[in-house]
Amino acid sequence: MAWFKKTKKPIAAKAKEKTSRVPEGLWVKCPDCAQAIYNKDLATNQHVCPKCGHHFRIGAAERLRTLFDGEWMEYDKDLTSTDPLAFTDTKPYKARLKASAAATGLKDAVITASGAIDGIDAIVASMEYEFIGGSMGVVVGEKITRAIERAADGKLPLVIVCCSGGARMMEGALSLMQMAKICGALARLDREGLPYVAVLTDPTTGGVTASFAMLGDLNIAEPKALIGFAGPRVIEQTIRQKLPEGFQRSEFLLEKGMIDLVIDRREMKTVIVNALMFMGAKRKPLATVAPPVVTTSEPPLVPTIAPST
Ligand SMILES: [Zn+2]
């Protein structure tokens, strides 16, 4: 028998968490350096942490805003998947499509558009991670292929911003076929001698890495982006070896010669423009900006000002 009897204390309810007085969504905590950043400051800094340079993931439209000078023309906005396999996992694919469309305002995981990048007319495809992990199904494949063909026909340079978990399993082999289709179109672009810059953002994996993401004349990655084919866990289990530090991150891949450059998002546009110019892209003639030709035979028009009384 024990000398002392321990009376069981009832489990105390957790002290009520202090309610924050800051309205939700005003501040964002950097996952890297834990700095609290004012949301608007983050937006003006292209969603890069001002303290440590952590690159937050951004949406497809936001990405186009950082690249294009102003307005852009979007193509194939209304292409949607028909759910060819009538696929259901934890929930029907059709329901997933609907939910993603409601969340992002897009019909699938990519926006393809044309516009000017620092005066250079170009075609840009930008992937949206929030739409089923930026996965590549038939719609993504078709939109990117059409974008490449538009670039080839219009003799325009091409930029693809990759952000994807890979091929879309809900469309099975049909999504895998997109890899070959896109690569075929890129080969045509190459034969036309037109530049293609691939921008690899966090994450670029699976079938996207295994096809167009690695086929750029220049493959540029954002800092610390996860870029790879299979995930590190799968590789570790297969080769039964511990993987090195920083494996499948941009800097590691640059060191090993898998990619050409690692560029801060805030410098990305300038680097792309320089690369495109180097590869022969031309800026639009500045006809609209040039001063109007003044003929000297006639006196210049002087605005008449009504005399004030
Ligand atoms: Zn930070």
With unit charges on the beta carbons (Lys and Arg positive, Asp and Glu negative) and the dipole taken about the Cα centre of the stretch 114-225, which residue among PRO203, GLY141, SER164 sits farthest to the positive side?
GLY141
Gain in length, GLU192 to THR88, computed as 0.36 nm per residue apart minus the alpha-carbon separation, to one decimal in nm?
33.2 nm
Paramagnetic label zone (point 7 Å from Cα along Cα-to-C-beta, ALA99; backbone N under 14 Å) in the stretch 40-81:
none
Let's test the formula: R0 of 51 Å, r as the Cβ-Cβ distance of THR66 and LYS9. What FRET efficiency results, to the nearest 0.05?
0.35
How big is the antiparallel share of DSSP beta bridges in the chain, given as a percent to the nearest 5?
50
Explain nothing, just the number: dipole magnitude of the chain about its Cα centre with +1 on each Lys and Arg Cβ and -1 on each Asp and Glu Cβ, in debye rounded to the nearest 20.
2000
Calculate the spin-label point distance for GLU251 paired with LEU79, positioning each point 7 Å from the Cα along the beta-carbon direction, and give it in nanometres.
3.8
Around VAL234, with a cut-off of 15 angstrom between Cβ atoms, what is the net charge of the other residues, counting Lys and Arg +1 and Asp and Glu -1?
+2
Result for the chain: accessible area per residue, probe 1.4 angstrom, in square angstrom, of 61
Under a no-solvent Debye model with one identical scatterer per Cα of the stretch 225-280, what's log10 I(q)/I(0) at q = 0.20, 0.21, 0.23 Å⁻¹?
-0.80, -0.84, -0.93
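Magnitude of the Cβ-charge dipole of the stretch 93-250, K/R +1 and D/E -1, about the Cα centre, nearest 20 debye?
Computed charge dipole of the stretch 93-250: roughly 560 debye.
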Disulfide-incompatible cysteines by the Cβ rule (no partner under 4.7 Å) in the chain:
CYS162, CYS163, CYS183
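The values are calculated or read from the model by the stated rules, or taken from the named source; none is laboratory data. Computed from a predicted structure; not experimentally measured. We place every Cβ from the backbone using ideal geometry, glycine too, and count neighbours over all the protein chains shown. The accessibility values were calculated without ligands, DNA or RNA, using every heavy atom of the protein model including side chains. Shrake-Rupley method; radii C 1.70, N 1.55, O 1.52, S 1.80 Å.
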